[in-house]
Amino acid sequence: MNGTEGTAVLQEAISSTFYTVPECIDGVPSYAPEIDKEWEVPDEVINAIMEQLADGEPLQQALLTVLGTGGDAIQYRDSLFCDPSDMWRIPVAESITGRCLDINPRFGTRSLNLAELADEVYAVDQSLTAMQYLRGRTHAEGVSGVYPMHGTVSSIPPAKNEFDTIVLDISNNRFIDKSIKKDIFSVMDYLSPSGTLFVIGSGLYLQSYSSDFDDKDIGFTHPIQQKLSQNSIQTGAQIEHFCQSLGYQDISKYALVPSVKNASYMFDMSDTTAGKRMINNEIMLDSPIEPFVKTLGKFLLEYKMLPYITPGYLLKCTKQTAPDKTQSSQTESTIFTRGSVRTVAVVTEADGTLKRLVKTPHRPAHSAYHELEYETTTAIENKDGQYTYPSGDLTDSPFGTVYTEDPIDGSPMTETITTDLDSFRRAVKKGFDWIIEFQNAHKTPVVQRSEEQVRTELSIPELDLYPPQTGPAMMCTVPSHGDLHPKNIFIDETEIVGIIDWEMSNMQGNPITDPAYFVMQVSAKVHGGLRDGITKAYIEETEYSEIVAKEVRRYCTQMGIQVADFVQYLPYVWVERLKKAQSIAATTWYSGKSVRRANNIQFVWDHSEQIADWMC
């Protein structure tokens, strides 16, 4: 579809939905003047990307040409392609139906996510450039049913037909004022009587007092509680009370942690067990601000303020009569954890016993990861009964193939790793013991790969990634895990009893993938970061690199592999992940994750001579 045809389709859709069809600016209907405001990604950057796409460049090449791999490339890519709606829509999917109005979607990733559930999505944002980008992206990806519009809640005209779903994002408004109240009130005119309103907001901003949102009924007693109640805090409770006053009788509230924009965790606020589990260190946030989040959370729990102040929240509001919950008892607790390609629902009994893991892909294309996980664990379990591998079932969903997994015994190896040198030595040896035994049980005969084959395996032309000087290699194939992080290795006292999370696996994998990456992540845990971990384990002459060199040589001897070939393939874990993401057009192929991985590969290659001198 060319630009003219696309504009015609867009105008036809809007004319059938709204009473007024405005002038199109570069193909996007505009109901408001452009606002001179700095967004997450500057307009000139967006325009440069769209020019590349208009010239016929593939999306990845356009991004690489404009953004490169340094500076703000990671931040810009994440803003353009990542949105927490890939997680939060999962538990509320049944309420995202029919015709959807998405207000303030920024660069439109949320609108594209919603379109996988709703019949059609009308995206309204006050940034004209953002909506032009969304239009260009829908054309580049061949997406239909998403209609970008430039405007605001107050500027769009009345609708001919009501919407079944409305998403209103107020998280960029750092204070509760009459504009928020007006927007929530105004969208009522667009929502069908049986429809659902979703409100997304941030909850830690303290602003001047506003009598419009006085919460006298909360009954704060602690002095700090009373102090906060004298400010108009944009919390879920404040907005919830206002929505109730408008006749929304059934309101469900979800916490988004650590923030709306970068939400990695989600739980129902009525599930008090979930909040306590996260705050009491039963769930690892794996975030640099984890100590702050948990300290704040414990304070809020102590003074019963968690329902009123949350880092971020999602409200699901309907005007249907709320179900009677007085007789219900909570038998399960669920925390949703968001990854790069999927969200995992961690379901426990009320007493905290892990019951099951439900892994839902963010996009149908991401189903490939779950299918790999199921196929690999089934195949190796049938052949190797010594260790416990997760068992589970595949089921279909609107998001793609869901993998429901049973828990295994033990605890993550990460819990045993400290900065102590002996702790590092024990962890590395234990990991290599398992890897050697496992790979020797499953490996194919060692054969020679030509220099050209090695170079092709390690190169990603689309990201301008080419290895330094390569040579032929003697190599076998093994079932590789692809994410052998110590958090995925479960131990019982001193022995490894199981390995989880096989979604990056490969039944004909490169043997270097797992031992090389395992060492990097153990060292990263010890030294506080991946780059420092790589440096201390592989590049510099340290007590840690001496341990690593000894284990690598032992591994290579027992596997029939040359140490020089181990060094050649050292960053292969990221090469394989990038190629896998590219093959299915996964979000991680376009997001900041691709740049992080590419930069990690280049970092290793930049030090390849030092690594070879030390390891060999």
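The values are calculated or read from the model by the stated rules, or taken from the named source; none is laboratory data. Just so it is clear, the structure is predicted and the values come from calculations on it, not from any experiment. Cβ: placed from backbone, ideal geometry, glycine included. Neighbour counts: every protein chain shown. The protein model used for the area step is the full one, side chains on, heavy atoms only, and it has no ligands, DNA or RNA in it. Shrake-Rupley method; radii C 1.70, N 1.55, O 1.52, S 1.80 Å.
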- Query: For the stretch 505-527, what are the residues that are assigned to a helix (DSSP H, G or I), within 24 Å of the chain's Cα centre (by Cα) and either closer than 16 Å to residue 438 by Cα or not polar (S, T, N, Q) (or both)?
  - Reply: 513, 514, 517, 518, 520, 522, 524, 525
- Query: touching an Asp or Glu at 6+ places or on another chain (Cβ under 8 Å), modelled with pLDDT of 95 or more and either farther than 28 Å from residue 152 by Cβ or buried (at least 21 other Cβ atoms within 10 Å of the Cβ) (or both), is that true of residue 58?
  - Reply: no
- Note on the structure: All conditions in (1) open to solvent by 20 Å² or more (accessible area, probe 1.4 Å); (2) at pLDDT below 90; (3) closer than 30 Å to residue 194 by Cβ are true of residue 99 except (2)
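Given the criteria free of Cβ contacts under 8 Å to residues at least 40 places away in the same chain and touching a helix residue (DSSP H, G or I) at 6+ places or on another chain (Cβ under 7 Å), does residue 394 qualify? Show your work before the answer.
Working: free of Cβ contacts under 8 Å to residues at least 40 places away in the same chain: yes; touching a helix residue (DSSP H, G or I) at 6+ places or on another chain (Cβ under 7 Å): yes.
In short, yes.
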- Note on the structure: Listed by first then second residue, the pairs whose first member lies in the stretch 456-478 and is free of Cβ contacts under 8 Å to residues at least 12 places away in the same chain, whose partner is open to solvent by 50 Å² or more (accessible area, probe 1.4 Å) and not in a loop (DSSP other than H, G, I, E, B), with beta carbons under 8 Å and at least 6 positions apart or on separate chains, are 466/455
- What number of residues within the stretch 188-222 satisfy the criterion of being within 22 Å of residue 157 (Cβ to Cβ) and either surrounded by fewer than 21 Cβ atoms within 10 Å (Cβ to Cβ) or at pLDDT below 95 (or both)? 4
- Item | Residue pairs meeting the criteria (Cβ under 9 Å; at least 6 apart or on separate chains; first over 19 Å from residue 352 (Cβ atoms) and in a loop (DSSP other than H, G, I, E, B), in the stretch 251-278; second open to solvent by less than 30 Å² (accessible area, probe 1.4 Å) and of a type in the set (D, E, K, R)) | 260/169; 261/83
- Flagged in the stretch 124-143 as in contact with a strand residue (DSSP E or B) (Cβ under 9 Å, 6 or more places away or on another chain) and either surrounded by fewer than 17 Cβ atoms within 10 Å (Cβ to Cβ) or assigned to a strand (DSSP E or B) (or both), in numbering order, are 124, 125
- Note on the structure: Subset of the stretch 539-572, residues within 12 Å of residue 428 (Cβ to Cβ) and open to solvent by less than 50 Å² (accessible area, probe 1.4 Å), comes to 544, 545, 547, 548, 549, 551, 552, 555
- Task: Kindly indicate whether any position in the stretch 594-608 is more than 21 Å from residue 464 (Cα to Cα), at pLDDT 95 or above and of a type in the set (Ser, Thr, Tyr).
- Result: no
- Query: With respect to the numbered conditions (1) over 20 Å from the mean Cα position of the chain (by Cα); (2) modelled with pLDDT under 90; (3) open to solvent by less than 40 Å² (accessible area, probe 1.4 Å), which one is the sole condition not fulfilled by residue 255?
  - Reply: (1)
- At least 2 residues that are within 15 Å of residue 513 (Cα to Cα) in each: list the helices (runs of 4 or more DSSP H) lying fully within the stretch 528-581 that qualify. 543-559, 563-568
- The condition of being at negative phi, surrounded by 15 or more Cβ atoms within 10 Å (Cβ to Cβ), at pLDDT below 95 and assigned to a strand (DSSP E or B) holds, among 360, 337, only for 337
